[in-house]
Amino acid sequence: MREYGPPPLSPLQPVLSMIPQELLPWVAEKHVQYLDDRIHKIDRLTEYLAECGDVTTERTEFITFVENWTRREDLNPGEYLAEYSSRFHKVRDRVEQLCERVLHDDSLWADNRSFQSFWREFAYINEVDSLHGMFLTSGRWYVNVMLPAVKELVYCSLPDTVPASRKNDEAYGIARRVITPRFADQKNAHDAALERRFVRLFVPILQHYDRKLLFLFEVLAKIELDEGETLSSFVRKVQNQPELFAELLDQGVYPPFAWHELVASRRARRPALSYENAVAPLLSTVSDEQRTRALTALEALSVFKEYELNYNNYNYKGRFGLISKLQYWKTTELLHSTAEKELFLDAILLDRFYEALHVIEQRKTE
């Protein structure tokens, strides 16, 4: 199933060479502000995406896609992953096309019609991309893309006391309550003991992957910080001594975007569970007959966690963060009033692309 993994991330030096060096402190400041707002105002963002009428069709269709696969009794995780991979790659390709235009197409900023047309396309594609991100990384939504794999793990670990005719429905219900509790059906009677049992088995696996997703802490802990280091001074350090940060830059991560992780990396952290130790409790409950099925589901889950890491690095720590902030800066230069600039940045820094588009379309032109 590894052939259906996420697209590779490119080294960042070529992108950094195309951004004016004097602009990088602004880029870093706005991006760290964006990350803070995204964390602290996640409910507002979730509600916005759940109600965004311009992507209603895409949102509904994607929910149906995941839900139908999760309910299947004859689920093939490889086939599901192949279809998901196709969807993810298509959206990433379209985002990348827009990024290339920001970097190379100067005509976008010279003509008002081209400028607005580009922003309308950008707003749509990036709201769809935000949907992918929420379905990939959040349990706040109706579905999460790893639900089918988790349902399979529940199924394989259910005790023999659960009748065969009930296993699929029981596994589906537990997976929904564990991964998307906000939207799980709580009306029908369910076995709370079975749910607690699966949670105990599944938590070590999630802890293993959470630590893997937070690899930045381990890398950044090796970097020396000057006394009184600020975000701006750290930006200059990355500019002046890129060789110190080659490991991250080559992986598509811009170190100043990981400012919070850098600060937190000064504190001691418990070592992560190895994969073998993390999956051992769950696999100990799986019969020989179901072992291959459980291992297949675990492999699919691992690939989905690679997608999550890829999405985080591309959108929040690397290439898209750099290019989009360059685009936003160029856009603010074309907004004439302070009020327009503030409205635009307030909307765009919470991924409310259509609200930002409205500011652009209503802007005063001279």
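The values are calculated or read from the model by the stated rules, or taken from the named source; none is laboratory data. The model shown is predicted, which means the values in this text are computed figures rather than measured ones. A quick note on method: Cβ atoms are made from the backbone with ideal geometry, for glycine too, and the neighbour counts reach across all protein chains shown.
Out of Ala171, Ala123, one residue alone is within 18 Å of the chain's Cα centre (by Cα), farther than 22 Å from Tyr307 by Cβ and buried (at least 19 other Cβ atoms within 10 Å of the Cβ). It is Ala123. Within the range 123-137, residues that are modelled with pLDDT of 90 or more sit with their Cβ atoms under 7 Å from residues that are of a type in the set (D, E, K, R) and in a helix (DSSP H, G or I), at 6+ positions apart or across chains, in these pairs: Tyr124/Asp54; Ile125/Arg94; Glu127/Asp54; Val128/Glu58; Leu131/Glu58; Leu131/Arg59; Leu136/Glu308.
Comparison of Leu334, Leu345 shows that the only residue that is touching a residue at least 60 places away in the same chain (Cβ under 8 Å), surrounded by fewer than 18 Cβ atoms within 10 Å (Cβ to Cβ) and not β-branched (Val, Ile, Thr) is Leu334.
Just one of the listed residues (Glu247, Glu243) is in a helix (DSSP H, G or I), closer than 25 Å to Asn312 by Cα and in contact (Cβ under 8 Å) with a residue 24 or more places away in the chain, namely Glu247.
Each row is one residue, and each column tells you yes or no for (1) in contact (Cβ under 8 Å) with a residue 60 or more places away in the chain; (2) in a helix (DSSP H, G or I); (3) within 17 Å of the chain's Cα centre (by Cα).
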{"residue": "Trp26", "(1), (2), (3)": "yes, yes, no"}
{"residue": "Thr46", "(1), (2), (3)": "yes, yes, yes"}
{"residue": "Ala50", "(1), (2), (3)": "yes, yes, yes"}
{"residue": "Thr57", "(1), (2), (3)": "no, yes, no"}
{"residue": "Phe62", "(1), (2), (3)": "yes, yes, yes"}
{"residue": "Phe65", "(1), (2), (3)": "no, yes, no"}
{"residue": "Trp69", "(1), (2), (3)": "yes, yes, no"}
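When the range 183-195 is limited to residues that are in a helix (DSSP H, G or I) and either β-branched (Val, Ile, Thr) or exposed (fewer than 11 other Cβ atoms within 10 Å of the Cβ) (or both), the one that is modelled with the highest pLDDT turns out to be Ala193. Please go through the range 351-366 and give me each residue that is modelled with pLDDT under 90 and surrounded by fewer than 15 Cβ atoms within 10 Å (Cβ to Cβ), ordered by number. Matches in the range 351-366: Gln362, Lys364, Thr365, Glu366. Restricting attention to the range 197-205, does a residue exist that is at pLDDT 95 or above, under 29 Å from Leu283 (Cβ atoms) and among the aromatic types (Phe, Trp, Tyr)? Yes, the range 197-205 has at least one match.
Annotation: Thr285 fulfils all but one of (1) loosely packed, with under 12 Cβ neighbours inside 10 Å; (2) of a type outside the set (A, V, I, L, M, F, W, C); (3) more than 25 Å from the chain's Cα centre (by Cα); the unmet one is (1).
Given the residues Arg120, Arg94, which is the only one that is without any contact (Cβ under 8 Å) to a residue 60 or more places away in the chain and either under 18 Å from Lys330 (Cβ atoms) or assigned to a helix (DSSP H, G or I) (or both)? Outline the logic, then answer.
Numbers: Arg120 fails: without any contact (Cβ under 8 Å) to a residue 60 or more places away in the chain.
Just one listed residue meets the conditions, Arg94.
Taking the range 280-297 as the range and being in contact with a helix residue (DSSP H, G or I) (Cβ under 6 Å, 6 or more places away or on another chain), outside any loop (DSSP other than H, G, I, E, B) and either closer than 19 Å to Arg2 by Cα or among the hydrophobic types (A, V, I, L, M, F, W, C) (or both) as the test, the residues that pass are Leu282, Arg293, Ala294, Thr296, Ala297. Given the criteria under 24 Å from the mean Cα position of the chain (by Cα) and farther than 19 Å from Thr137 by Cα, does Ala246 qualify? Answer is yes for this residue.
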